[in-house]
1. Taking a 29 Å limit on the Cα-Cα distance, which of the listed pairs A:Lys571/A:Lys650; A:Lys347/A:Lys535; A:Lys382/A:Lys443; A:Lys382/A:Lys444; A:Lys535/A:Lys593 fall beyond it?
2. For the ranges A:384-396, A:583-595, what's the packing order if you count other beta-carbon atoms within 10 Å of each residue, average per peptide, and put the highest first?
3. If I take R0 = 51 Å and measure r between the Cβ atoms of A:Glu677 and B:Lys27 in this structure, what FRET efficiency does the formula 1/(1 + (r/R0)^6) give, to the nearest 0.05?
4. Counting Lys and Arg as +1 and Asp and Glu as -1, what is the net charge of the other residues whose Cβ lies under 10 Å from the Cβ of A:Thr335?
5. What is the dipole size for region A:471-582, taken about its Cα centre, with +1 at each Lys and Arg Cβ and -1 at each Asp and Glu Cβ, in debye to the nearest 20?
6. Among A:Phe539, A:Ile555, A:Val575, whose Cα sits farthest toward the positive end of the charge dipole of region A:437-588 (+1 at Cβ of Lys/Arg, -1 at Cβ of Asp/Glu, about the Cα centre)?
7. Note down the Stokes-Einstein diffusion coefficient of region A:368-514 in µm²/s, whole number, using a Kirkwood radius over alpha carbon pairs, 10 °C, and 1.306 mPa s.
8. Using the 2.2 N^0.38 Å rule of thumb for compact globular proteins, work out how region A:447-492 stacks up: its C-alpha Rg over that value, please.
Amino acid sequence: MTSYLDEQLNEYENAEVASFFNLSPKVQLVDPPEKKETIPETIGRASVKGVVKGMIEAPNNLATIVGLPVDIMTAGLNKLGLDIQYPIMGSQMLQDGINFIRDSADQLVPSSLNKEFNDYLSKPYDNQLTGQLSEAIAQFGTTAIPAASFVKLATNTNPFTRSLIWGGIADATAFNANDQTLVGQLISNPEGVSEEDTNAFREMLGSLLEKYEDDPEAVKLAKSSLEGMAIGGLLETAFKVGRKIPWKKVLTGGGLIAGSVATSDAEAGVGSKIADILISPRNPQAVNRTEDPVKNYLSVGLAESKTNKAQFDHNIGILSDYPNLKVSEVTNKSTDEIAETYINHAKNNLLYLFDKVPTATRNRSKLWYVGANKIAQDFSKKYGVSLQSASGVLAALSPQKDWYMNVSLAERTLDIVTNKKDFVYDAKMRAMGLEKFGKPQYKKLLDAIDGKKLSELETPEEKAIWVRIYDETFNDRSFKVITPEGNMGDFVLTDDGVNARAAWNSNVMIKNAIIALESNGDKAIISGALGDAHKVRSFYNNIVDPNSKNGDVTIDTHAVAAATLRPVGGKHTIVNHNFGTAPSVKDQKADWKGATKNSKVNGIKGLYSIYAEAYRRAAAERGVLPREMQSITWEAVRGLYPSTFKQSPKKVEAIDSLWYKYRNNELSLDEVINGIERETGGIEKPTWEQ
Amino acid sequence: MALNEKLEVSKNQPGNNEDGFISLMKKYDIPLTRQNYLDLVYNGDVPTELEAEEIAALPEMFQDNNEIENDGQMSLV
């Protein structure tokens, strides 16, 4: 079969490769054709260009990827060439590339390239999309294949380390997450891609996979090329499912978009679209709403918060009283100006935390949602439910729950609903039920579930009560530390050194989890079960598809603390403002001056959108995903203000005092931060690093 | 606002035609009071002070926040 990949080894390529590797070309380069390039010509030229770019960046990339001392790096590289058995982009080309990297590091700069060659490569592609993709795949392949081979050398590393390495590969192979790649265009604007380009793309990948279908390395390359461009750093997961992707069907059936974004075994098998996985983080429910949160993805950010001016003005007015804003920053300023000032202030606080975290810690804490996705996938397999259902269970049980406990409660729910559904409510459960619901008004309810199996109950509310009673009757309360990559650690201990006990949140959340669990992954049902809270909905999205480009970000209590650098807890005024809630009058704090306004027409609740905006801007400045910025700073602020610190009114007051002095222009921001570091002693290591 | 009116307003929460535990209270003749609701959803172990996310999960009729304004009617879908 004549494939496009075979065609790339044409006369142009030979000449170009020779000229590149020898720096002084022995073969006369042929000028690009005057007429429009054919698709094969574009692919050939683009592949070479990609390889060249990959090789130029490879040494630094590999160093970044592996993060090992140079001598180990060198030893590894010496072996890499020998390990390349399937040189998809041309064996000699890759072999020469590795040799070139090893032997001629000092020549690996663009200025060393032959000018004529450089000029040739730099001309725009006549078949632009095909050229971009070919170049990207070649570039990725040049770096990823030797890097992947190096990873093989480190097979004794634990899954987390390998995950880091793969993440590093994705990060380092020069795919800017913000680039509008061809795959991105195919996903976002399929109708905008010409038939010629689409066909060429499919044929190129189809040829590659037909030729190397049984070769996992080839599948990895194709998969990772797509995933690397489309979703970024989930390669370890992506590679695991690479073999299960029905590539031929996907590529020949016009389902490329579906296949390219599959992120789980289940998804790979059915080729679901990303739009079927995510839910809208904003859930307007009024009859006179103008947007449908099930049919469309409705984001939550600054722009959305401005759709109701009265609401926006009111809510920004609320935060104008916060000590994070100077009086001079809110006096005689417009709502837009105040919002911008606050967002940028929050962004800078996040960047401070981000930069304070050691790189090694950051590289782990940014993986929280990748780990959460792994847990959801593990639950999906273990309990035979969809990834969406498992993610929904986790999200539904998240409110005010520590992540470790959240995971434990989710597994208890999944286990009881799937494995204990035919257990009959017995005497022990009856005793527990009476202990919990001893008041006479609950007798009729208890009588109704007494002697019943879970599977015999009619409503999710009754099931929630049954599940909790079963768990509290029969299950051990201990729960485990979860590592960022989603693995179980040791049991969580109290300060007294005994196992901590998992405590349930309300039956409302258990009920929502059961609805999600029994939804069979139905997006509309899950969306309904997760309510209208931006946080729970965003959390679900971050778990079910951590590498979505939609910028979903989970703003919980700790996220508010990070954005404000204040030791706030779940009952604090500004946390209520974030969620759009109001405490009972008796529970209102001294700084409570009113609630934020919510809208069921635009679905905006509280100040969540403002914080989300700050996280997205901070993430953009550091080149990470918003959810990565959130998990890194979330972990950092928990280390800055551990629960023991927050429980000390004196310590909390000391920090607040710093911020109020800032508001009154008595302290600069640097002085406040110095004061915070002095009062707290800095950021403690996360539990999983201690 | 009378309780019945509040119930009408509280119907059709996202994903539900009515808060499910309100329905459960009606089904089993449990008086519709905030305390009974909290006892029911917290298995008798009601926190002394609810956190913001816990408040967010309450039906509006049992939220102590008459300050929050909603500019839309509840959906009938």
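We did not get these values from a lab; they are worked out from the coordinates using the rules stated. Given the structure is predicted, the values throughout are model-derived calculations rather than measurements. When we count neighbours, we look across all protein chains shown, and the Cβ atoms used for this are built from the backbone with ideal geometry, even at glycine.
1. In this structure, A:Lys382/A:Lys443; A:Lys382/A:Lys444 lie more than 29 Å apart at Cα.
2. Numbers: A:384-396: 28.1, A:583-595: 14.1.
Packing order, densest peptide first, comes out as A:384-396, A:583-595.
3. Between A:Glu677 and B:Lys27 the formula returns 0.35.
4. -1
5. That gives a dipole near 400 debye.
6. A:Val575
7. In µm²/s, the coefficient is 100.
8. Cα Rg divided by the expected 2.2 N^0.38 Å: 1.62.
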